[in-house]
1. Using beta carbons and a limit of 9 Å, which pairs, at least six apart or on different chains, have the first residue in region 146-158 and closer than 12 Å to L198 by Cβ and the second one open to solvent by 50 Å² or more (accessible area, probe 1.4 Å)?
2. Taking region 486-514 as the region of interest, how many residues are farther than 20 Å from G406 by Cβ and among the charged types (D, E, K, R)?
3. Checking the conditions here, which among W68, W54 is farther than 18 Å from F410 by Cα and part of a helix (DSSP H, G or I)?
4. If only one of A164, A190 is hydrophobic (A, V, I, L, M, F, W, C), assigned to a helix (DSSP H, G or I) and either over 27 Å from the mean Cα position of the chain (by Cα) or modelled with pLDDT under 95 (or both), which one is it?
5. Yes or no: A269 buried (at least 17 other Cβ atoms within 10 Å of the Cβ) and either in contact with a helix residue (DSSP H, G or I) (Cβ under 8 Å, 6 or more places away or on another chain) or on the phi > 0 side of the Ramachandran plot (or both)?
6. Working only within region 485-509, note down all residues that are in a loop (DSSP other than H, G, I, E, B) and surrounded by 15 or more Cβ atoms within 10 Å (Cβ to Cβ).
7. Can you tell me which condition H464 does not meet? The list is (1) closer than 20 Å to Q355 by Cβ; (2) in contact with a Phe, Trp or Tyr (Cβ under 7 Å, 6 or more places away or on another chain); (3) not aliphatic (A, V, I, L, M), and all the others hold.
8. Return the residues of region 412-422 that are within 29 Å of the chain's Cα centre (by Cα) and open to solvent by less than 30 Å² (accessible area, probe 1.4 Å); say none if nothing qualifies.
Amino acid sequence: MLPAFDTDAAPGRLTRWLLFTAIASLALRFWIAHALPITGDEAFFYWWGVYPDWGYYDHPPMVGWLIWLMRTLFGEASWAIRLPVVLLPLAVGATLWWALKPLNRERAAWAVLLFWLAPVNWLNSLITTDTPLIFWSLLSAGALLRAEGRNTLDGRTWRLYALAGVFIGCAFLSKYFSVVLGLSYLVYFAAFRRERWLGLLLIVLCALPGPLINLWWNMGHGWSNIMFNAINRNQDASFAWSHPLSYLGMLAYLLTPAVLWLGFKHRAALRDTARQQRLVAVLIVVPLLFFAVLSLKKTVGLHWVLAFYPFVFVLLAFALPQAALKSCAKGMAWFTALHVLAVVAIGFTHVEQWQGKPRYYSMVRSFKTAELLAQVRTPDSVLMADAYAPAAAYGYTLGQYVPVFGPGKFHARQDDLLVDYSIYDGKTVRIIVSDGEPPPLDGYRPYFDSVQPLSFVQNGVTFHVVEGRNFKYEAYRQGVLGEIFQRYYAIPEWLPMTGCPFCVRYCGEVRCPR
């Protein structure tokens, strides 16, 4: 049984809390989206929206499609590119309300309020692959909650199961962590709803187009998603106590002190509610355990868990008595207010005030990109960078794609699919060095007739540039592209391939001999 509410008093106050929280947090996110320069990761995804495709080197295509849509509707401004994530908490709140209101309208409202009060929903204005993943995952889980709330398997119930499948298929086209949601569904039906196994089957069938599109694209692009996510990014993974400890610390921060304390205080009520709301409990426990196992060898990013994070507040809202929910909301509000005050205070500072502080180099590169590029660029040279994130940000500022010179790292290798370095043969290239240190020139000399170091000062920071004259493509193909092939394109022979843009440019074949 749910704890009783003061139903005469709660709705009015809840409505005012919800309206204030929604409007105030939306305004702050819009301000951050407008004021903060585009980050390297966002700029990298921005180019996915410039070149829309059915997939990209690192991940499935959904965030690229979203950015393409925002660019088409609103232009190139950073706030327009970030609009989906600015609106995301409102969409998640609406989905939670739709999913939960048949169970208890006031409890549903509390779930939305607690979720909206979390600091991450006030401050996060940076678009990533997790933005569409969160949206589609919540829609899928919401449809399943509605289907499971119906006692009869009528047409409406089957349509809800079908929608849950379509939405999780869209989540799969956003990011592979959608598989964790699918695993949660499997555990739920196997443990608690075996009599409705046909519902799970319908979900799987309706979700299939997403994975099939992804498989088809990977076959034609050297299995880059699979190579990146399953092999290349995990080569250095090893156990360290810091990984699971940082995972626990991250969860504690996301939940906030108020939730941790009241959750512990009312742990018996949480256990009872978890037994009643088994699907919600599974949507919390399975992902948390999955990421806990993953944390034994990898650092779990804060954004990885956000697609499952809202269900914690659902469980709280259905478990805690009204007085505890009020205390929880107030505690979260104060905790978030501290974050808001800090962000607003920082927002009124100038870049120069941070001189001498850590990351000042990165701040100047981000806030003064146009001024820096105005110094570095010349009409007779090709601009490149030695790392993917800065190259993407430079390109966003210039309105033209900036390639990466050198092998780069295991992630963000979209250049492998897009850039034909042979078109730069014989040209003068200026390469902006990303780490702020004078570059050793020996690594550049084999690929040019001559190289010379240059330096440019912007806002008190020295940026180093290598200028190479008469780029030698054939030497670059054998040296750098050969290293990239050996390191990142060890594609298993048993994987069928219909195309590989990098391999075709490197050796003229879909599958290059090793």
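The values are calculated or read from the model by the stated rules, or taken from the named source; none is laboratory data. Small disclaimer: the values here were computed from a predicted structure and weren't measured. As a convention, Cβ positions derive from the backbone with ideal geometry for all residues, glycine included, and neighbour counts pool all protein chains shown. For accessibility, only protein heavy atoms count, side chains too; no ligands or nucleic acids. Shrake-Rupley method; radii C 1.70, N 1.55, O 1.52, S 1.80 Å.
1. These pairs meet every condition: A147/R156; A147/W158; A147/R159; A147/L163; L153/L198; T157/R150; T157/N151; W158/L198.
2. Here the count works out to 4.
3. Numbers: W54 fails: part of a helix (DSSP H, G or I).
Among W68, W54, only W68 is farther than 18 Å from F410 by Cα and part of a helix (DSSP H, G or I).
4. A190
5. On the way: buried (at least 17 other Cβ atoms within 10 Å of the Cβ): yes; either in contact with a helix residue (DSSP H, G or I) (Cβ under 8 Å, 6 or more places away or on another chain) or on the phi > 0 side of the Ramachandran plot (or both): yes.
Yes, satisfied.
6. Once the filter is applied, which keeps residues that are in a loop (DSSP other than H, G, I, E, B) and surrounded by 15 or more Cβ atoms within 10 Å (Cβ to Cβ), region 485-509 yields Y489, I491, M497, C500.
7. (2)
8. Quick first cut of region 412-422, residues within 29 Å of the chain's Cα centre (by Cα) only: 412-420.
Passing the criteria: A412, R413, Q414, D415, D416, L417, V419.
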